[in-house]
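Presented below is the structure to which this report refers.
No lab work stands behind these numbers, since they all come straight from the coordinates. A quick note: this is a predicted structure, and the numbers were derived from the prediction, not measured. Neighbour counts run over all protein chains shown; Cβ positions are idealised from the backbone, glycine included.
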Amino acid sequence: MGGGGAPEVRSTCPYCGVGCGVLLRADGQGGLAVRGDPAHPANRGRLCSKGSALGETVGLENRLLAPRVYGKETGWDDALQLVADHFRDTIATHGPDSVAFYVSGQMLTEDYYVANKLMKGFIGSANIDTNSRLCMASTVAGHRRAFGTDTVPGAYEDIEEADLVVLVGSNLAWCHPVLHQRVLAAKKARGTRIVVIDPRRTASCDGADMHLALTPGADVALFNRLFATLYEGGAIDKAFIARTQGFDDTLRSALNDGLAPTGLDAAEVEAFCRLWMRTERVVTIFSQGVNQSTSGSDKVNAILNCHLATGRIGKPGCGPLSVTGQPNAMGGREVGGLANMLACHLDLENADHRSAVRAFWNAPRVPDAPGLKAVDMFRAVGDGRIKALWIIHTNPAVSMPEADAVRDAIAACPFTVVSDITARTDTARLADVLLPATAWAEKDGTVTNCDRTISRQRSVLPAPGQARADWNILAEVGCRMGFGAAFDYASPAEIFREHATLSGIAGGFGRDFDISGLSAISDGDYAAMEPQRWPVTATRSGNRFFADGIFFHPDAKARLIPVSWRAPAAKTGPRYPFRLNTGRLRDQWHTMTRTALSPRLSAHLAEPFLDIHPDDAEALDIDAADLVRVTSPVGACILRARITDAVQRGQVFAPMHWTGETAPSARIDTLVAAATDPLSGQPESKASVVAIARHDAA
Ligand code: SF4
């Protein structure tokens, strides 16, 4: 299998949260052959276009190969000492909350664990947040409200066992293609019905039985309507409701929300609600159209309410399934890499949890209040409260809302460190210190995908130049800051064992995340570790949660959360009459640091664009391929028009990938205002307001 030469190495695709297994074979000259791993439970051999082009993205073009301090190459010793000294001095002068880490779902769990331990345990601040804040923070908040913990109840296998799959705010066909292949396979095998709920007609509508092109932001109204229908149709599971609290208030709220606008006609809504009600096995897959919203947490809970009220959770073929954008968004949640979480799903606000973590780490302090979430963190950088910032594997100067203001804030920060694989990002160009990190195919560690499956990433290529693993860089700085023994790690296996042991303490507090069954894993077993879904303890492994009706709130009951529809924060009007939606393309990844290296991926859609409805284009005298100027209250872009009725009248869509490096006039997040969900802090990236005009007429 797989040809001759060097043996194949089993690893995990570094792109989306599906977490597909890959088999890698190095050619000995820096190249890599890639195929899907037939034994991996996430993909069973399948790969999408991005995964199968991974071998084209591992070249050393654009790689950062040595540390740089103020633009000059230097050795690790000088660079690490400078970082440690700067952070220590800043903390001594201005306190622990004057520094911050902004990290990434690209990091492996072991890297994430060390970053979180350094900030929360030893620096003594909770100012560590992650670009996952832009991805699934609303789901975390919704899960915690409903279940008591951030628990994904089900598993990918539920897709094959479902009779109805509902995609909400998810262009699964482009953003999680292998999962979409599994949905289509279920349709073929057992006639599974597919409903897509999305303002746009996307590739995911191909093969769907129903497309509900709702008004942007109206998801809560639609799921409240569903909840009311379930009640009126006698579909509430009374035995399961006894395992919950909040039913009466939730029902009242759902009935009161019945007239909220969805943009759909009554017959469409009725047909959807009846289909959902009649079908016992329903999986609701939701993603950024739900999360990236000022009512994102409420949208999540509106979906969870319907599953809880009917007991359609924790059983084969049933349940809500959040799909995340990044390969290790879940691992970041497990280690507590968000500003409002403690390690291993323990609570920052709980004194017993804090003292248990502090004792385990033998740490001087653990903060008792949440740190700054991403948007607030960069505001604090901009107004001078944050004086030393470390950014790891992410490009906030492009990807944060109000990206121009974020870029200016980073530029003005007294001390900025960037760890990355390249110096050629908008953010890396602003760094005082640049630290060369190993890339995906050079790293060793673990990642956790959307259905809680922990998989190994294994290095198959040597680290080029002076590049080092992130855990090693972070641990070295921790040692040089004076925290010695706590960061004296020899390998990712050692970090994993510590993480697994801490998770056992979390399990002792009744938390869901418990992999203590792996706390004594040997180096050899870690090297050979098979994909496995948590929890992994002496008595539990990888099963679905909540089939027993036991939840993680103190009374073991779930919470139904009364929610009401709210319009997006920004209102359209005469000055900004269009609603701008942003999103991914099939063949690009984030800010294109890797995917742009593959000519075949770049050939799919080669330049940035704006999708406009034909009626709007005609009214504005815009022809296909015209350049259009797009202005919002916070920024402006120039994009090429594509005229399509895939978007509704009054709405436009633009992809998010282009940067100051690749298309300076098309940095889409310069248009997005930094309005956030009040509970999750997640920005509203899909409902900006803009004006558009032909560029030569603007
Ligand atoms: Fe990689 Fe996601 Fe494609 Fe799987 S679906 S190959 S994880 S990008």
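Quick one: which residues, 5+ away or cross-chain, put their amide H under 5 Å from the amide H of Ser541? H built at 1.01 Å from N.
Sorted by chain and number, the residues that satisfy this come to none at all.
Sort His604, His307, His86, His345 by Cβ crowding within 10 Å, fewest neighbours at the top.
By the 10 Å Cβ count, ascending, the order reads His604, His86, His307, His345.
Report ³J(HN,Hα) in whole Hz for each residue of the range 206-216, in order, from the Karplus equation J = 6.51 cos²θ - 1.76 cosθ + 1.60 where θ = phi - 60°; Gly and Pro get x.
My calculation for the range 206-216 gives 5, x, 7, 8, 8, 10, 9, 8, 6, 5, x Hz in order.
Using Cβ contacts closer than 10 Å as the measure, can you line up Leu80, Leu580 from fewest to most?
Ordered from fewest to most neighbouring Cβ atoms within 10 Å, Leu80, Leu580 come out as Leu80, Leu580.
Normalized C-alpha radius of gyration of the range 137-323, against 2.2 N^0.38 Å?
Numbers: Rg = 14.9 Å, N = 187, 2.2 N^0.38 = 16.1 Å.
Normalised by 2.2 N^0.38 Å, the Cα Rg of the range 137-323 equals 0.93.
Please give me, ordered by residue number, the chymotrypsin sites (Phe, Trp or Tyr not before Pro) of the range 55-109 that lie in loop per DSSP and have at most 14 other Cβ atoms within 10 Å.
Tyr70
Can you give the translational diffusion coefficient of the chain in µm²/s, computed by Stokes-Einstein from the Kirkwood radius over Cα pairs at 37 °C and 0.692 mPa s?
Values: Rh = 25.4 Å.
In µm²/s, the coefficient is 129.
Measuring from a point 7 Å past the Cα of Asp89 along Cα-to-C-beta, which residues in the range 381-395 have an amide N at less than 16 Å?
Of the residues in the range 381-395, 387-389 have backbone N under 16 Å from the label point off Asp89.
Need the full-extension length gain, Lys571 to Leu605, defined as separation in residues times 0.36 nm minus the C-alpha distance. One decimal, nm.
On the way: separation 34, 0.36 × 34 = 12.24 nm, distance 3.07 nm.
Full extension of this stretch gives 9.2 nm more.
For Leu627 and Asp383, what does the FRET efficiency come to when R0 = 35 Å and r is the distance between their Cβ atoms, rounded to the nearest 0.05?
Values: r = 36 Å, r/R0 = 1.02.
For R0 = 35 Å, the calculated efficiency reads 0.45.
Taking 0.36 nm per residue of sequence separation and subtracting the Cα-Cα distance, how much length would be gained by fully extending the chain between Ser49 and Asp368, in nm to one decimal?
110.4 nm
Using square roots of five times the C-alpha gyration tensor eigenvalues, list the equivalent-ellipsoid semi-axes of the range 9-57 in whole Å, biggest first.
Numbers: eigenvalues 64, 26, 12 Å².
Semi-axis lengths for the range 9-57 are 18, 11, 8 Å.
Could you name the lysines in cross-link range of Lys72, using Cα to Cα under 28 Å and dropping any fewer than eight places away on the same chain?
Lys387, Lys443
Checking the a/c ratio against 1.5 first, then a/b against b/c, what shape does the Cα gyration tensor give for the range 444-538?
It comes out oblate by the Cα gyration axes.
Given the rule -39500 (n - 2.57) for each run of at least 4 DSSP H residues, summed and divided by the residues of the chain, what is its mean residue ellipticity at 222 nm, to the nearest 500 deg cm²/dmol?
Mean residue ellipticity, 222 nm, calculated: -8500 deg cm²/dmol.
Report the charge-dipole magnitude of the range 137-323 in Debye, nearest 20, computed about the Cα centre from +1 at each Lys and Arg Cβ and -1 at each Asp and Glu Cβ. Show your work: numbers first, answer last.
Working: 19 positive and 20 negative charges, 51 e Å.
With only Lys, Arg, Asp and Glu charged at Cβ, the dipole is about 240 debye.
With r as the distance between the Cβ atoms of Ala619 and Phe509 and R0 = 60 Å, compute the FRET efficiency 1/(1 + (r/R0)^6) and round to 0.05.
According to the calculation, E is roughly 0.50.
Quick one: Karplus J couplings for the range 34-48, per residue in order, coefficients 6.51, -1.76, 1.60, θ = phi - 60°, nearest Hz, x for Gly and Pro?
So the Karplus estimates, Gly and Pro as x, are 10, 9, x, 8, x, 8, 7, x, 6, 10, 6, x, 6, 9, 9 Hz.
If you count the DSSP beta bridges with both ends in the range 578-697, what percent of them are antiparallel, to the nearest 5?
For the range 578-697, the DSSP antiparallel bridge percentage is about 65.
In terms of the Cα gyration tensor, with a ≥ b ≥ c the square roots of its eigenvalues, is the range 578-697 rounded because a/c is under 1.5, prolate because a/b exceeds b/c, or oblate?
Cα axes put the range 578-697 in the oblate bin.
Points 7 angstrom from Cα along the Cβ direction at Leu259 and Asp404: gap in nanometres?
For the pair Leu259/Asp404, the computed spacing is 4.2 nm.
Considering only DSSP beta bridges with both partners in the chain, what is the antiparallel share in %, to the nearest 5?
45
In whole Å, what is the distance between the alpha-carbon centres of the range 556-600 and the range 28-75?
Their Cα centres are 27 Å away from one another.
Check the straight Cα-Cα distances from Lys686 and name the lysines below 27 Å, setting aside those fewer than 8 residues away within the same chain.
Leaving aside lysines fewer than 8 places away in the same chain, those within reach of Lys686 are Lys50, Lys299, Lys373, Lys571.
Report Rg (one decimal) and Dmax (nearest whole number) for the range 1-137, counting Cα atoms only, units Å.
Both quantities, over Cα of the range 1-137: 19.7, 60 Å.
Where Lys and Arg each count +1 and Asp and Glu each count -1, what net charge lies around Gly650 among other residues with Cβ under 12 Å from its Cβ? It would help to have the intermediate numbers written out before the result.
Numbers: positive: Arg579, Arg649; negative: Asp615, Asp616.
Local charge sum for Gly650: 0.
Could you compute the net charge surrounding Val366? Neighbours are other residues with a C-beta less than 13 Å from the C-beta of Val366; K and R count +1, D and E count -1. Before the final figure, lay out the partial values.
Numbers: positive: Lys117, Lys120, Arg354, Arg358, Arg365; negative: Asp347, Glu349, Asp352, Asp368.
So the surrounding residues net to +1.
So between Ser564 and Arg274, what do we pick up on full extension, going 0.36 nm a residue minus the alpha carbon distance?
102.3 nm
Quick check: from the Cα gyration tensor, does the range 514-633 come out rounded (a/c under 1.5), prolate or oblate? Display every interim value, and only then the final one.
Numbers: a/c = 4.33, a/b = 1.68, b/c = 2.59.
The shape class here is oblate.
If you take the Cα Rg of the range 316-431 and divide it by 2.2 N^0.38 Å, with N the number of residues, what do you get? Each step should come with its number before you reach the end.
On the way: Rg = 16.9 Å, N = 116, 2.2 N^0.38 = 13.4 Å.
Rounded to two decimals, the normalised Rg is 1.26.
For the range 143-207, what is the convex hull volume of its Cα atoms per residue in Å³? All intermediate terms of the calculation are to be shown ahead of the outcome.
Details: hull volume 6.2 nm³, N = 65.
That works out to 96 Å³ per residue.
Between Asp237 and Ala33, what is the FRET efficiency for a Förster distance of 60 Å, r being their Cβ-Cβ separation, to the nearest 0.05?
Between Asp237 and Ala33 the formula returns 0.75.
Per-residue HN-Hα couplings for the range 130-145, Karplus 6.51 cos²θ - 1.76 cosθ + 1.60 at θ = phi - 60°, whole Hz, x for Gly and Pro?
Values, residue by residue: 9, 5, 5, 4, 7, 10, 9, 4, 5, 5, 4, 5, x, 4, 5, 5 Hz.
Which longest uninterrupted range of the chain lacks any trypsin sites (Lys or Arg not before Pro) assigned by DSSP to a loop state (not H, G, I, E or B) and surrounded by at most 10 other Cβ atoms within 10 Å?
It runs 1-570.
Expressed as a whole number of Å, what is the distance separating the alpha-carbon centroids of the range 208-227 and the range 347-367?
Comparing the Cα centres of the range 347-367 and the range 208-227, I get a distance of 42 Å.
If a paramagnetic tag sat 7 Å from the Cα of Ala693 along the Cα-Cβ line, which residues of the range 602-628 would have the backbone N under 18 Å from that point?
616-623, 626-628
Would you mind counting up the charge near Arg480? Only other residues with Cβ under 11 Å from its Cβ, with Lys and Arg at +1 and Asp and Glu at -1.
-2
Charges at C-beta only: +1 for Lys and Arg, -1 for Asp and Glu. How large is the resulting dipole of the range 578-697 about its Cα centre, in Debye rounded to 20?
With only Lys, Arg, Asp and Glu charged at Cβ, the dipole is about 420 debye.
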